[in-house]
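K.L.:
The structure that follows is given in the form of C-alpha cells.
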Amino acid sequence: MSVSVVIADDQEMVRMGFRLILEGQDDISVIGEASDGAEAVEAVHRLRPDVCLMDIRMPKLDGLEATRRLRQAQGAATDGTKIVIVTTFDMDEYVYGALRAGASGFVVKNSGPRLLIEAVHAAVKGDSLISPSVTVRLLEHLSKPSRAETAAAAARRLTPQELKVVSRVARGHTNNEIAAQLTLSLSTVKSHLSRIQDKLPARNRVEIAAWAWEHGVVR
C-alpha cells in the first residue's frame, strides 16, 4: 500500500528535490504540493494525504501555524494526516513550537534523503523522528520541571515499568531497542506506549519524550 504525501515548501526546487527522493521509493507517492501555508492547509483538507512535509518559513501562513490549524481542526478530514516539519532552520524555538503544534517529526533539510524517507515511514507507523542534530539539544531545553507538577508527582502517574519505557523513549531509543534492554516482547513495549499515551496524555512518542524531560523524570 502506497504512502501518500503532500509537500509544502515555498521553494520550487526544494519541492522538486523532495518529490524525486520520495517517488524513487516503491511505497511512497507524492499526490500534491503547496507553496505557502494556506495552500498546505487547503491541500491537506482536499487530498487527505497520509503525510504532509511542512516547511516552517512560508508566505501567507508559516508552517507552525498551518500545523496548528490542521491539528486543531475537527473531523476526519485532517486527523489521519501526519505532519513532519522539514526545514533549513534547526533553531530550538522552531523544534519546540513544531512539536507543541502537533507535528509528528522534525527533519533538517541537510540531514539527507535517507532520513527524509525514514521520517515519512515513521510518521505513518505512529512513531516520530527528529533529526539527530537537534534531539539532544531539544531535550536539554525541555529539562526544566513543570511548576504545576513535580518530578515525583509526575512519576506517580505511571507504573515502574512504564517509567522505564518512558526514560528510554526520552533518550531516543527505538521500540526494538527498548524491548531488548528490558527483556520484553515488541508487542508488550507497544502496549506500554499505548497506555502511557493515554495516561499523560500524549499523541506520539515525541510528546512522551517532551513530557519526561519537562517534568524532570529524566535528566
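K.L.:
Can you give me the orientation-averaged projected area of the convex hull built on the Cα atoms of the range 144-215, in nm²?
P.N.:
Values: hull surface 17.2 nm².
Result: 4.3 nm².
K.L.:
With r as the distance between the Cβ atoms of Asn110 and Asp198 and R0 = 30 Å, compute the FRET efficiency 1/(1 + (r/R0)^6) and round to 0.05.
P.N.:
Once rounded, the FRET efficiency stands at 0.25.
K.L.:
Quick check on my link table: of Lys60/Lys125; Lys109/Lys199; Lys109/Lys190; Lys82/Lys190, which ones sit more than 22 Å apart, alpha carbon to alpha carbon?
P.N.:
On the way: Lys60/Lys125 31 Å; Lys109/Lys199 34 Å; Lys109/Lys190 30 Å; Lys82/Lys190 19 Å.
Check vs 22 Å cut-off fails for Lys60/Lys125; Lys109/Lys199; Lys109/Lys190.
K.L.:
What FRET efficiency do you get for Glu12 and Asp79 if R0 is 41 Å and r is their Cβ-Cβ distance, rounded to the nearest 0.05?
P.N.:
Details: r = 30 Å, r/R0 = 0.72.
My answer for the efficiency is 0.90.
K.L.:
Show the residues, 5+ positions off or on another chain, whose built amide H is closer than 5 Å to the amide H of Ser29.
P.N.:
Val3, Ser4, Val5
K.L.:
Right, something else. Taking H as built 1.01 Å from N, whose amide H comes closer than 5 Å to the amide H of Ile83, not counting residues under 5 places away?
P.N.:
Correct list: Cys52, Ser104.
K.L.:
Over the range 3-130, calculate the relative contact order: mean separation of alpha carbon pairs under 8 Å at least 6 apart, over the residue count, as a percent.
P.N.:
Values: 251 pairs, mean separation 27.7, N = 128.
Relative contact order of the range 3-130: 22 percent.
K.L.:
Read phi for every residue in the range 183-188 and hand back ³J(HN,Hα) as whole Hz from Karplus 6.51 cos²θ - 1.76 cosθ + 1.60, θ = phi - 60°, with x for Gly and Pro.
P.N.:
6, 10, 6, 4, 5, 5
K.L.:
Provide the three semi-axes, in whole Å and in decreasing order, of the ellipsoid equivalent to the range 7-74 as defined by the square roots of 5 times the Cα gyration tensor eigenvalues. Write out the running numbers ahead of the final one.
P.N.:
Working: eigenvalues 79, 42, 14 Å².
That gives 20, 14, 8 Å for the three semi-axes.
K.L.:
I would also like to ask the following. To the nearest 0.05, how large is the calculated FRET efficiency for Glu118 and Arg157 if R₀ is 35 Å and r is the Cβ-Cβ distance? The partial results should precede the final answer.
P.N.:
Numbers: r = 31 Å, r/R0 = 0.88.
It comes to 0.70.
K.L.:
So what is the relative contact order of the range 144-215, in percent, for Cα pairs below 8 Å that sit 6 or more residues apart? Intermediate values should be presented prior to the final figure.
P.N.:
Values: 59 pairs, mean separation 33.2, N = 72.
In percent, rounded to a whole number, it is 46.
Every read-out reported here was derived from the displayed coordinates using simple, explicitly stated rules and does not represent laboratory data. Since the structure is predicted, the reported quantities are computational estimates derived from the model, not experimental observations. So basically every Cβ, Gly included, is an ideal-geometry build from the backbone, and we count neighbours across all protein chains shown.
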